[in-house]
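In what follows, a structure is listed as structure tokens, so that the remarks can point back to it.
The values are calculated or read from the model by the stated rules, or taken from the named source; none is laboratory data. In this text, all values refer to a predicted model and were calculated from it rather than measured experimentally. Heads up, the Cβs are rebuilt from the backbone with ideal geometry, glycines too, and the neighbour counts pull from every protein chain shown. Keep in mind that these areas ignore ligands, DNA and RNA; they rest on the heavy atoms of the full protein, side chains included. Shrake-Rupley method; radii C 1.70, N 1.55, O 1.52, S 1.80 Å.
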Amino acid sequence: MAEADAVNVLVLVGSLRAESINRQIAALAADNAPAGVVLTMHEGLGQVPFYNEDLDNDNVPAAAAALRDAALAADAVLAVTPEYNGTIPAVLKNAIDWLSRPYGDSAIKGKPVAIIGAALGRYGGTWAHDEARKSFGIAGARPVEDAVLSVPTTEFDGKHPGEHATFSGQLREVLTKLSGQVATSLVAN
């Protein structure tokens with residue numbers, strides 16, 4: 001649960017598969033967040049209809065409204081995603097599209113975002129992560145450029161990501177950088 005004085009981070013997972021390595025990474029991040037940082041995984045991205053401006057009216061679909069509400073309540077966003085065919089999975093891109101509206105006053109406007117994850121290729125999803133940073137930035141969020149973690153799934157050797165101390169440390173470093181950006185924006189405002 002979110003705490004009033006904590007940095008509240010919304011976690012979006014770009015894989016719908018229940019046992020995906022990226023879902024495992026998201027759960028590991030939530031379980032090992034630095035003190036004062038609370039991560040909340042948003043369930044239901046698979047129920048959000050494809051963005052269509054005709055649907056984005058007074059009766060926004062419930063799943064899209066819930067996503068926007070979760071983003072509005074968060075201080076930052078952590079996207080944990082694989083790479084599908086060299087780019088962002090459709091479910092994550094669709095979430096970004098819904099969160100980018102209303103134009104100029106989106107649910108993620110000015111919020112820091114970090115994009116991490118694992119993928120099968122030797123670059124660990126770098127292309128998808130770069131594209132997601134670009135899309136989030138255009139949508140109004142503030143990508144944290146030095147909070148990156150793209151891991152080839154082969155590095156886990158079939159084991160849970162939490163069994164790798166080096167990875168857990170890298171994950172904690174990303175979360176520290178992301179939460180630090182929230183503190184920086186609060187001081188600036």
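Just to be sure before I move on: is Lys111 under 17 Å from Met41 (Cβ atoms) and among the charged types (D, E, K, R) in the structure I sent? The answer is yes for Lys111. Residues that are modelled with pLDDT of 95 or more and in contact with a Leu (Cβ under 6 Å, 6 or more places away or on another chain): does segment 15-28 have at least one? Within segment 15-28 (the criterion being modelled with pLDDT of 95 or more and in contact with a Leu (Cβ under 6 Å, 6 or more places away or on another chain)), the answer is no, since none of the residues qualifies.
Among the residues of segment 90-113, what is the count of those that are part of a helix (DSSP H, G or I), in contact with a helix residue (DSSP H, G or I) (Cβ under 8 Å, 6 or more places away or on another chain) and over 14 Å from Ala74 (Cβ atoms)? Number satisfying all stated conditions: 6.
Go over the candidates Glu53, Glu83 one by one and state the one that is of a type in the set (D, E, K, R) and more than 22 Å from Phe156 (Cβ to Cβ). Every option except Glu53 fails the conditions.
Within segment 119-166, the residues that satisfy the criterion of being assigned to a strand (DSSP E or B), open to solvent by less than 20 Å² (accessible area, probe 1.4 Å) and hydrophobic (A, V, I, L, M, F, W, C) are Ala119, Val144, Ala147, Leu149, Val151.
For segment 109-139, what are the residues that are under 12 Å from Leu99 (Cβ atoms) and of a type in the set (Lys, Arg)? Passing the criteria: Lys109, Lys111. Within segment 108-123, being modelled with pLDDT of 95 or more and farther than 15 Å from Leu178 by Cβ holds for Lys109, Ala118, Ala119. Could you pull out the residue among His164, His160 that is under 30 Å from Ala35 (Cβ atoms) and without any contact (Cβ under 8 Å) to a residue 60 or more places away in the chain? When all the criteria are applied, what remains is His164.
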